[in-house]
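The structure appears below as structure tokens.
The values are calculated or read from the model by the stated rules, or taken from the named source; none is laboratory data. All figures in this text were calculated on a predicted structure; none of them were measured in a lab. Here the Cβ positions follow ideal geometry from the backbone for every residue, glycine too, while neighbour counts run over all protein chains shown. Just the protein is used for accessible areas: all its heavy atoms, side chains included, with ligands, DNA and RNA removed. Shrake-Rupley method; radii C 1.70, N 1.55, O 1.52, S 1.80 Å.
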Amino acid sequence: MRALAERISARLKARGGQLVTAESCTGGWVAAELTAVAGASEWFERGIVAYSNAAKEELLGVRRETLERHGAVSEETAREMAQGALLPGRGGFSLSITGVAGPTGGTAEKPVGTVCLAWAWHSGLRSETRYFAGDRCSVRRQSVARSLEGLLEVLDSA
């Protein structure tokens with residue numbers, strides 16, 4: 001993941017952009033990977049860990065209606081998390097992750113390994129749902145990797 005983080009660093013430095021992460025099931029792992037790159041202070045603005053629904057509402061502006069209707073693990077919630085993390089007027093980008101890392105918490109509709117990700121920037125928004133296999137650590141690791149890959153895709157196309 002270090003190579004991905006270094007590529008993101010180069011892209012954000014070249015653009016003069018700032019990044020904010022909004023994480024739930026990964027608990028700050030994305031922010032840790034990104035800030036391990038020397039010079040991250042030039043482009044990494046902040047990382048928000050919003051694990052509970054209350055934190056998602058209070059820190060990121062996720063609407064209670066969204067959480068009640070779609071649940072914390074949904075693309076709707078991931079999109080609102082990413083949009084809530086954007087910094088106005090700073091050429092900003094954000095990413096968000098919310099999911100069921102396991103080993104408990106899964107349902108028939110949203111089994112363990114269900115992860116919703118979103119990427120936002122001032123002129124766009126993307127989201128997706130992935131289903132990762134493995135134990136809790138593996139699901140979280142795959143989530144972090146996919147969030148970084150998706151951010152690179154956004155940076156290359158935005």
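Of (1) more than 17 Å from residue 8 (Cα to Cα); (2) among the hydroxyl-bearing types (Ser, Thr, Tyr); (3) outside any loop (DSSP other than H, G, I, E, B); (4) touching a residue at least 24 places away in the same chain (Cβ under 8 Å), residue 66 satisfies all except one. Which?
Here residue 66 meets the rest and fails (4).
Please enumerate the residues belonging to the range 82-123 that are among the β-branched types (Val, Ile, Thr) and exposed (fewer than 15 other Cβ atoms within 10 Å of the Cβ).
Here is the first cut: in the range 82-123, the residues among the β-branched types (Val, Ile, Thr) are 97-98, 100, 104, 107, 112, 114-115.
Across the range 82-123, the qualifying residues are 104, 107.
Every residue in the range 16-31 that is open to solvent by 10 Å² or more (accessible area, probe 1.4 Å) and in a helix (DSSP H, G or I), please.
Scanning the range 16-31 gives 29, 31.
Residues of the range 104-131 being closer than 23 Å to residue 8 by Cα, in contact with a helix residue (DSSP H, G or I) (Cβ under 9 Å, 6 or more places away or on another chain) and assigned to a loop (DSSP other than H, G, I, E, B), which ones? I'd like the intermediate steps shown before the answer.
So the first thing to find is which residues in the range 104-131 are closer than 23 Å to residue 8 by Cα, and the list is 115-130.
Imposing the further condition that a residue be in contact with a helix residue (DSSP H, G or I) (Cβ under 9 Å, 6 or more places away or on another chain) reduces the set to 115-121, 124-130.
None - no residue of the range 104-131 is closer than 23 Å to residue 8 by Cα, in contact with a helix residue (DSSP H, G or I) (Cβ under 9 Å, 6 or more places away or on another chain) and assigned to a loop (DSSP other than H, G, I, E, B), so the list stays empty.
Given the conditions (1) in a strand (DSSP E or B); (2) modelled with pLDDT under 95, and given that residue 88 satisfies all but one, which numbered condition is not satisfied?
Checking residue 88 against (1) in a strand (DSSP E or B); (2) modelled with pLDDT under 95, the one that fails is (1).
The conditions are (1) in a strand (DSSP E or B); (2) aromatic (Phe, Trp, Tyr); (3) surrounded by fewer than 21 Cβ atoms within 10 Å (Cβ to Cβ), and residue 51 fails exactly one of them. Which is it?
The single condition residue 51 does not satisfy is (1).
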